[in-house]
Amino acid sequence: NHAEPASTEWNASLPRFGIDFQLLRSLVSIRAVLELLDWAPVSQNGPQLRGPCPIHKSSSEKSRSFSVNVEKQAFQCFGCGKKGNQLDLFAAATGLSLLEAAWTLAERLAIDRSRIEKRKP
(Lines give C-alpha, C1' and ligand atoms only; values in the text may rest on other atoms or scores of the structure.)
Protein backbone atom coordinates (compact mmCIF):
# COMPACT_ATOMS: atom_id res chain seq x y z
CA ASN A 1 0.00 0.00 0.00
CA HIS A 2 1.85 3.07 -1.24
CA ALA A 3 0.90 6.66 -0.45
CA GLU A 4 -0.94 8.57 -3.17
CA PRO A 5 0.58 11.93 -4.16
CA ALA A 6 -1.03 14.89 -2.41
CA SER A 7 -2.11 16.35 -5.78
CA THR A 8 -4.55 13.50 -6.50
CA GLU A 9 -7.49 15.30 -4.90
CA TRP A 10 -6.75 18.50 -6.84
CA ASN A 11 -6.29 16.60 -10.11
CA ALA A 12 -9.61 14.81 -9.61
CA SER A 13 -11.33 18.18 -9.53
CA LEU A 14 -9.66 19.31 -12.77
CA PRO A 15 -11.65 18.92 -15.98
CA ARG A 16 -11.19 15.59 -17.68
CA PHE A 17 -10.91 16.92 -21.23
CA GLY A 18 -9.53 20.37 -20.51
CA ILE A 19 -10.90 23.88 -20.49
CA ASP A 20 -12.16 26.08 -23.29
CA PHE A 21 -9.57 28.79 -22.66
CA GLN A 22 -10.95 31.04 -25.40
CA LEU A 23 -14.40 30.98 -23.80
CA LEU A 24 -12.96 31.63 -20.35
CA ARG A 25 -10.97 34.61 -21.68
CA SER A 26 -14.21 36.02 -23.11
CA LEU A 27 -15.83 35.71 -19.67
CA VAL A 28 -12.95 37.10 -17.57
CA SER A 29 -11.56 40.59 -18.13
CA ILE A 30 -7.98 41.49 -17.35
CA ARG A 31 -9.44 44.12 -15.01
CA ALA A 32 -11.13 41.35 -12.97
CA VAL A 33 -7.79 39.52 -12.72
CA LEU A 34 -6.03 42.71 -11.57
CA GLU A 35 -8.69 43.18 -8.89
CA LEU A 36 -8.19 39.60 -7.67
CA LEU A 37 -4.47 40.35 -7.43
CA ASP A 38 -5.16 43.60 -5.49
CA TRP A 39 -3.24 45.55 -8.12
CA ALA A 40 -3.71 49.29 -8.52
CA PRO A 41 -2.25 51.34 -11.36
CA VAL A 42 0.18 54.20 -10.72
CA SER A 43 -0.89 55.90 -13.95
CA GLN A 44 -3.47 55.59 -16.69
CA ASN A 45 -3.48 56.86 -20.26
CA GLY A 46 -6.69 55.81 -22.02
CA PRO A 47 -6.85 51.99 -22.00
CA GLN A 48 -3.21 51.77 -20.88
CA LEU A 49 -2.50 51.20 -17.17
CA ARG A 50 0.99 51.27 -15.67
CA GLY A 51 2.27 50.25 -12.26
CA PRO A 52 4.38 47.83 -10.24
CA CYS A 53 4.57 44.25 -11.51
CA PRO A 54 2.42 41.74 -9.60
CA ILE A 55 4.53 38.90 -11.01
CA HIS A 56 8.09 39.81 -10.00
CA LYS A 57 6.84 42.12 -7.21
CA SER A 58 8.47 45.43 -8.17
CA SER A 59 10.53 46.85 -5.32
CA SER A 60 8.93 50.31 -5.63
CA GLU A 61 5.22 51.07 -5.30
CA LYS A 62 5.77 53.84 -7.86
CA SER A 63 7.25 51.46 -10.42
CA ARG A 64 5.69 51.67 -13.87
CA SER A 65 7.44 48.64 -15.40
CA PHE A 66 4.15 46.73 -15.69
CA SER A 67 1.85 47.80 -18.53
CA VAL A 68 -1.73 46.64 -19.15
CA ASN A 69 -3.97 47.39 -22.13
CA VAL A 70 -7.53 46.80 -20.91
CA GLU A 71 -8.97 47.01 -24.45
CA LYS A 72 -6.61 44.36 -25.82
CA GLN A 73 -6.79 42.26 -22.61
CA ALA A 74 -2.99 42.08 -22.60
CA PHE A 75 -0.08 42.86 -20.30
CA GLN A 76 3.67 43.21 -20.51
CA CYS A 77 6.31 43.81 -17.86
CA PHE A 78 9.43 45.63 -18.99
CA GLY A 79 11.21 44.47 -15.82
CA CYS A 80 10.77 40.68 -15.83
CA GLY A 81 9.79 40.35 -19.50
CA LYS A 82 6.53 38.44 -18.90
CA LYS A 83 3.63 39.20 -21.24
CA GLY A 84 0.36 37.68 -22.34
CA ASN A 85 -3.37 37.69 -21.68
CA GLN A 86 -5.43 37.68 -18.49
CA LEU A 87 -5.03 33.92 -17.93
CA ASP A 88 -1.26 34.12 -18.41
CA LEU A 89 -1.17 36.96 -15.88
CA PHE A 90 -3.13 35.07 -13.22
CA ALA A 91 -1.02 31.93 -13.73
CA ALA A 92 2.29 33.84 -13.52
CA ALA A 93 1.25 35.95 -10.51
CA THR A 94 -0.05 32.96 -8.52
CA GLY A 95 2.56 30.39 -9.60
CA LEU A 96 -0.13 28.01 -10.88
CA SER A 97 -0.11 26.08 -14.15
CA LEU A 98 -2.32 27.60 -16.85
CA LEU A 99 -4.94 24.87 -16.32
CA GLU A 100 -4.96 25.28 -12.53
CA ALA A 101 -5.07 29.08 -12.89
CA ALA A 102 -8.02 28.89 -15.29
CA TRP A 103 -9.92 26.56 -12.99
CA THR A 104 -9.13 28.72 -9.94
CA LEU A 105 -10.21 31.90 -11.76
CA ALA A 106 -13.52 30.31 -12.72
CA GLU A 107 -14.06 29.33 -9.10
CA ARG A 108 -13.07 32.72 -7.64
CA LEU A 109 -15.28 34.59 -10.14
CA ALA A 110 -18.25 32.21 -9.70
CA ILE A 111 -18.22 31.02 -13.31
CA ASP A 112 -20.06 27.71 -13.65
CA ARG A 113 -17.28 25.20 -14.30
CA SER A 114 -19.50 23.14 -16.60
CA ARG A 115 -19.65 26.16 -18.95
CA ILE A 116 -15.93 26.11 -19.61
CA GLU A 117 -15.17 22.40 -19.32
CA LYS A 118 -14.53 20.70 -22.64
CA ARG A 119 -16.66 17.67 -23.34
CA LYS A 120 -15.42 14.41 -24.79
CA PRO A 121 -13.31 15.05 -27.88
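A few points about this structure:
- When only the Cβ of Lys, Arg, Asp and Glu is charged (+1, +1, -1, -1), the dipole of the chain relative to its Cα centre reaches about 420 debye.
- Tensor-based shape of region 47-86 (alpha-carbon gyration tensor, a/c under 1.5 rounded, otherwise prolate or oblate): oblate
- Accessible area of region 46-111 divided out per residue, in Å², using a probe of 1.4 angstrom: 50 Å²
- Database remark: amide H of residue 58 closer than 5 angstrom to the amide H of 53 (H placed geometrically; neighbours at sequence offset of 5 or more, or on other chains; Pro and chain starts carry no H).
- Each residue was assigned an accessible area with a 1.4 Å probe, and for residue 72 the value is about 150 Å².
- C-alpha long axis of helix 98-108 to longest principal axis of the chain, angle in °: 80 degrees
The values are calculated or read from the model by the stated rules, or taken from the named source; none is laboratory data. Because the structure is a prediction, the values reported are computed rather than measured. Virtual Cβ from ideal backbone geometry, glycine too; neighbours counted across all protein chains shown. Ligands, DNA and RNA are excluded from the accessible area calculation, which covers all protein heavy atoms including side chains. Shrake-Rupley method; radii C 1.70, N 1.55, O 1.52, S 1.80 Å.
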